[in-house]
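Remarks on the structure that follows.
The values are calculated or read from the model by the stated rules, or taken from the named source; none is laboratory data. It should be emphasised that the depicted structure is a prediction, and the values quoted were computed from it without experimental measurement. Positions of Cβ are generated from backbone atoms using ideal geometry, with glycine treated the same way; all protein chains shown enter the neighbour counts. Only protein heavy atoms, including side chains, enter the accessible area calculation; ligands, DNA and RNA are left aside. Shrake-Rupley method; radii C 1.70, N 1.55, O 1.52, S 1.80 Å.
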Amino acid sequence: GQQHDDGQKFANGTYTWNAEFTIDGKDSVTSTYSFIVSGDANTTIIEQYGIEWYIQGTPEYGQYTNGEYWVVGPITLTKITPQSIKYNMQTLPDGSPLPDGVESHDIDRIINGSMVNPEIGYDHGYDDEMTIWKPITNAYPERVPSYAGNKNYYKEELNIARIDTGGGNYAPISAEHPRVVQVNSSVVSTISTDIPDRPTLEVSAILTVVDEADKPGEGDFRPPYCGTDKESYFNISDLDYSSLRTLERAENFLSLEESESFFERNWIDYIPEWIGEFTHAKQNMKVSYGAELAAMVSSGALALNTEYGSGTADKGTLLTRMVQLGLDYYGVVTQPGGENVFRNNGGILTGRKFPVVLAGKVLNNNDMLNIGTLKPEIHFSEDDQSFYVTQTDIDLTNGATWNPDSRDIVMTPYQAEDLGLPEWGIRHATDPQISNKYWETAYRRCCTHSSVQGAVLAAHAMGMKEAWAHDALFDYMDRYLSIEKQIYFTGIDDPNINENKSALYGRTPVDLFENLYGMFNMWDLHRKSFENVWTRCDTTDIYSNKCSTVGMTDHTVSSTNCRLEQNFPNPFSQTTMITYQLVESAEIELAVYNLLGQKVAMLVDAPEVAGIHAVEFNASGLAPGLYFYRLQAGDLVMIKKMLVGKSGMNY
């Protein structure tokens, strides 16, 4: 006869229920049904993302601002579901047959592991097939011996979801063999994929065990899952929205809702090198490869600074989620060994710095905002891979120890004219002897800086370039994307340059998110609005070692005396129109220059009266590529760029 409300605990016993309802004004009642509650009624169950933590007793618990749970500890776990079991891979974990195309293997596998306060390193307790580079999947029905990896990175003693029941025999935790978790602990629990793959994890969830004295308040951010400090230092009320911009949304750029979805759940991302890719749970992180994660960060960074017509306040969900990611990354890189987790190597580890700097910016936290100067020992791949060419680089690439990537089909050393050139090297911070000026050098175009362009543009927009403290990244992005735009729009008569590998095609985020050109369109539309665009070599002949020393700059197009407009159309293959406005009469010279500063066309060389003037320029005699047009009106000089495309292409 006692009424029980939603969420109320039931003691053991038999209960009955029926339902009263009205249909078309007629009162009705269901039959009476019964159900039985049995087992340990003194158990609290906390569930998230399909993972359940069974906790002895009734401790106080709640949720952080991102929806993840905290519980006052210490706690005694009697079960975590799905349980961490060992099974033989001749079947699926539930005993059902393997799908077509996957061969059975007489190999034991441990799945669904959990860890407490994971430490930086390769050792883990999640899934003992996790560190096999090419595990048993539909694509690889047999292990590839040369990529077998190291199954020994899995440590049974690190998996708190299993316990030694005696004599070194491990089994899932239970009421008979519980696991005590002390305060100041993050329990990271996982669900494994049915078939080992890359990634090997399907889901990850975090339960934070706090001390009564450090119990979170409403709106608090979750502390990082790495480390033992579980006090909540930041609240959503601390967020400063004033640095966010409202940039015009470019064609094909993501919606705010799409960007929000990337960060809905936690990202477990702390294991170094390629092994970390296996922990990137499918349902949490959507993708596993680092450059693809970087593309999601870039998209989110730009979305925070894009006008969606709903105001800055509606970006609260995205900002909160990205700040939580930044707090987690800061927790990773400040742990012992964490300074090298995201060090340069291909595209695996790129894109992790922006969330940290963002969190510092909007939380007014100097340690995170200025991580580049306050903690120079911490390495981020996008910084380690970008540099200014020095005499040492020139000597290295012209010396006996130069050892470019074996996958490079062209070896292009640096020369004297390259001094100061913002460049890229796959492992330049640690192995500068590998760097190669060749534009198709391994990993340059496919999956590194093409994925961080949005983060760099957002850093420009939010005024974070100085705090970032690595100008080479920003200047290289100007150079890199300018060249990639030439390759994409004009093509290059060079068999060693693959047009279809352009950053505008790239694997991230174009193919992944069906966001064709979206991120680059944002760059193309807005980059010129923030600081000076680096131009010394961004339009050079990239196949030789020549750099233009003309020093032309795409100046702001406004003046008290005249105004120079962007040519239209642009790009173009035959003719384009150049428009300029004079406030008063002046001697005018309007000319077109190539990348070496050579004048290729004189359009106007005469006095002009005040007013608006338009000049048609016919470029049919010029090779495809980037050119400058220069307007001199008296003592005032302004310069802009134009792109001549392939003949016959529709722009």
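Annotation: extensible slack from E616 through E231 equals 132.0 nm (criterion: 0.36 nm per residue apart, minus Cα-Cα distance).
The stretch between L374 and V583 holds 70.3 nm of extra length on full extension. This uses 0.36 nm per residue minus the Cα-Cα distance.
Taken about its Cα centre, the stretch 247-345 carries a charge dipole of roughly 200 debye when the Cβ of each Lys and Arg holds +1 and the Cβ of each Asp and Glu holds -1.
Near L92, the amide H atoms lying under 5 Å from its own belong to L98; only residues 5 or more places off or on other chains count, and H is placed 1.01 Å from N. Using every pair of separate Cα atoms, the Kirkwood estimate puts the hydrodynamic radius of the stretch 165-310 at 18.4 angstrom.
The distance between label points at D194 and E273 comes to 3.3 nm (points 7 Å beyond Cα on the Cα→Cβ vector). Model label sites at D635 and V180, defined 7 Å from Cα along the beta-carbon direction, differ in position by 8.3 nm.
Computed from point charges on the beta carbon alone (+1 for Lys and Arg, -1 for Asp and Glu), the dipole magnitude for the stretch 280-439 about its Cα centre is near 680 Debye. Site pair T430 and V604 shows an inter-label distance of 5.7 nm when each label is modelled 7 Å from Cα along Cα→Cβ.
Subtracting the Cα-Cα distance of T392 and E264 from 0.36 nm times their residue separation leaves 41.6 nm of extension gain.
Taking amide H as placed 1.01 Å from N in the peptide plane, I195 has no amide H partner under 5 Å among residues 5 or more places away or on another chain. The distance from the alpha carbon centre of the stretch 323-342 to that of the stretch 574-651 is 50 Å, rounded to a whole number.
The string of couplings for the stretch 224-231 from the Karplus curve (6.51, -1.76, 1.60, θ = phi - 60°) is x, 6, 8, x, 10, 8, 10, 7 Hz, one whole number per residue in order, with x for Gly and Pro. Note on the stretch 568-630: with neighbouring protein chains present and a 1.4 Å probe, carbon and sulfur make up 52 percent of its accessible heavy-atom surface. For E129, E417, E157, the ranking by accessible surface with the largest value first comes to E157, E417, E129, using a 1.4 Å probe.
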